[in-house]
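Peer 1: Let me begin by handing over the structure; questions about it come next.
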Amino acid sequence: MTITEKWDEVLSAEYEKPYFKTLNIAIDREYANYKVYPPRECVYAALKLVDYDKVRVVILGQDPYHGENQANGLAFAVNNGVEAPPSLVNIFKEIKTDIGIEPDDDTTLVGWANQGVLLLNAALTVRAGSPQSHAEIGWHNFTDAVIRSLNAREKPVAYILWGMSARQKTELIDKRNFIHTSAHPSPLSAYRGFFGSKPFSKVNAWLSENGMAPVHWHMTGAFEPAEYYKTADRIKRV
């Protein structure tokens, strides 16, 4: 495995466990015989973009988008030029309602990753057109381990858990961390508790209370880290 040097260090014990070896065999078979998302090289993209020591917020979803050209390895994100899925459209709507700022048009959400937001799904792969198809092949053991590794840090983390698969991780998270749960942002459930839940302002309030900079949720596209600090005045309304 080569995610990053630090992630490989903290997850090294997982790589040697029987479930992880079985998982990789299953994934090899799936990619060989079916259309699977995201592209193989993007499976660990979320962890590669936000190294272990840099994680401040975790947004946890269910599994990758299962439509053509959608999943890019970051939960809820799609590459620019791909039509934003309904879940992402609803996330942008809640950002505007919650913090009063129109988010950027960039759908990659790399701007969040640049600020230490880990966009993780409970399962990191999915068969095309078949949501939850890889939910039981071992990914949950691995993503549980990611959360346990973050619990082992001295610095706490804010968690946003959307949907049942994500909320099931609550019992793994130490209470010194911040946990926000709600319905999933998909059209099937967004009106049952996602809209109006104000996850973005609540997380920023907790970050500020714990001496950490708030996340610029409206900045969804890639930018230089220095730009993040220069635009601190733009977040005063949060």
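The values are calculated or read from the model by the stated rules, or taken from the named source; none is laboratory data. As the structure is a prediction and not an experimental result, all values here were calculated from the model. Please note: Cβ atoms are built from the backbone with ideal geometry, for glycine as well, and neighbour counts cover all protein chains shown. When the accessible area is computed, the model is the full protein with side chains, heavy atoms only, and any ligands, DNA or RNA have been set aside. Shrake-Rupley method; radii C 1.70, N 1.55, O 1.52, S 1.80 Å.
Peer 1: Taking the Cβ-Cβ separation of Lys198 and Asp53 as r and a Förster radius of 35 Å, what is the calculated FRET efficiency to the nearest 0.05?
Peer 2: 0.80
Peer 1: Based on Cβ point charges of +1 for Lys and Arg and -1 for Asp and Glu, what charge dipole magnitude is obtained for the chain about its Cα centre, in debye rounded to the nearest 20?
Peer 2: 640 debye
Peer 1: If you don't mind, another one. Tell me the net charge near Asn210. Cut-off is 10 Å between Cβ atoms, Asn210 excluded, with +1 for each Lys or Arg and -1 for each Asp or Glu.
Peer 2: Neighbourhood net charge equals +2.
Peer 1: Just read off the accessible area of Thr97 with the full protein assembly in place, 1.4 Å probe, to the nearest 10 Å².
Peer 2: 100 Å²
Peer 1: If Lys175, Lys93, Lys6, Lys198 are ordered by their accessible area, calculated over protein heavy atoms with a 1.4 Å probe, which sequence runs from highest to lowest?
Peer 2: I get Lys175, Lys93, Lys198, Lys6, largest accessible area first.
Peer 1: Give me the angle, in degrees from 0 to 90, between the Cα long axis of helix 86-99 and the longest principal axis of the Cα atoms of the chain, rounded to the nearest 10.
Peer 2: With both axes taken from Cα atoms, the answer is about 30 degrees.
Peer 1: Figure the gain on full extension for Asn24 and Asn79 (residue separation times 0.36 nm, minus the Cα-Cα span) and round it to one decimal in nm.
Peer 2: Fully extending the segment from Asn24 to Asn79 adds 17.2 nm.
Peer 1: Go through Ala26, Val146, Gly73 and say which Cα lies farthest out towards the positive end of the charge dipole of the chain; charges sit on Cβ, +1 for Lys and Arg, -1 for Asp and Glu.
Peer 2: Val146
Peer 1: Looking at the chain, what % of its DSSP beta bridges pair antiparallel, to the nearest 5?
Peer 2: Antiparallel: roughly 20 percent of the beta bridges in the chain.
Peer 1: What fraction of the DSSP beta bridges in the range 1-133 is antiparallel, stated in percent and rounded to the nearest 5?
Peer 2: 40 percent
Peer 1: Before rounding to the nearest 500, sum -39500 (n - 2.57) across all DSSP H runs of length at least 4 in the chain and divide by the residue total; then give [θ] at 222 nm in deg cm²/dmol.
Peer 2: Result for the chain: -9500 deg cm²/dmol, rounded to the nearest 500.
Peer 1: Hey, another quick one. Tally Lys/Arg at +1 and Asp/Glu at -1 over every other residue whose Cβ is under 11 Å from the Cβ of Val10; what's the total?
Peer 2: -3
Peer 1: Still on this structure: Charges on Cβ only, +1 for Lys and Arg, -1 for Asp and Glu, centred on the Cα centroid of the chain; of Val110, His180, Ala166, which one is farthest towards the dipole's positive end?
Peer 2: Result: His180, furthest along the dipole toward the positive end.
Peer 1: For Tyr34, what accessible area in Å² do you get when you roll a 1.4 Å probe over the heavy atoms of the protein chains, rounding to the nearest 10?
Peer 2: The accessible area comes out at roughly 110 Å².
Peer 1: What FRET efficiency do you get for Glu171 and Thr2 if R0 is 41 Å and r is their Cβ-Cβ distance, rounded to the nearest 0.05?
Peer 2: 0.85
Peer 1: On full extension of the chain, what length is gained from Ser12 through Glu154, given 0.36 nm per residue of separation minus the C-alpha to C-alpha distance?
Peer 2: Length difference between fully extended and current span is 49.2 nm.
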